[in-house]
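Working notes for the structure below.
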Amino acid sequence: MHTPGASHAAVSTFASIGRGSIIGPYAALSPDSRIGQHVTVSSYTAIAHDVEIADWVEIGAHCLIAGNVHIGTSARVHPAQSSPPNLA
């Protein structure tokens, strides 16, 4: 899997990233975060612990996704947003 920018991202060894997903530079994925297939996590975005992001989700730059959040299929999180629990 080629993930552009991943060499500058901080990805926990306990995080999972689905096929075709892109992790932007300086993004951070915490332990037990689960990223679905074909997801875009833009630069400077932080994904906290125990987050589940379904397939085909787009997360803009400079977002903070708090712990224990589920983001449903094909959702969009606009740049510079913080997450309430369970976006669908």
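For the reader, a short list of remarks on this structure follows.
- Residue-span extension gain [S43 to N68] - 0.36 nm each, minus C-alpha spacing: 6.9 nm
- Selection from I22, A75, A48 lying farthest towards where the dipole of the chain points positive, charges on Cβ: I22
- GNM result for the chain, Cα springs below 10 Å: residue of A75, A46, A61 fluctuating most strongly: A75
- Normalising the average separation of contacting C-alpha pairs (under 8 angstrom, six or more residues apart) by the number of residues puts the relative contact order of the chain at 20 percent.
- In plain terms, the chain from S12 to A61 could stretch by 15.7 nm, reckoned as 0.36 nm per residue minus the Cα-Cα distance.
- Normalising the Debye intensity of the chain to I(0), with uniform scatterers on Cα atoms only, and taking log10 at q = 0.11, 0.22, 0.26 Å⁻¹ returns -0.22, -0.98, -1.49.
- For the chain, the carbon plus sulfur part of the accessible surface works out to 55%, probe radius 1.4 Å.
- Student exercise, the chain dipole from Lys, Arg, Asp, Glu Cβ charges, in Debye to nearest 20: 120
The values are calculated or read from the model by the stated rules, or taken from the named source; none is laboratory data. Keep in mind that this is a model prediction, so the values were computed, not measured. Methodologically, a virtual Cβ is constructed for each residue, glycine included, from the backbone with ideal geometry; neighbour enumeration extends over all protein chains shown. With ligands, DNA and RNA removed, areas are computed over all heavy atoms of the protein, side chains included. Shrake-Rupley method; radii C 1.70, N 1.55, O 1.52, S 1.80 Å.
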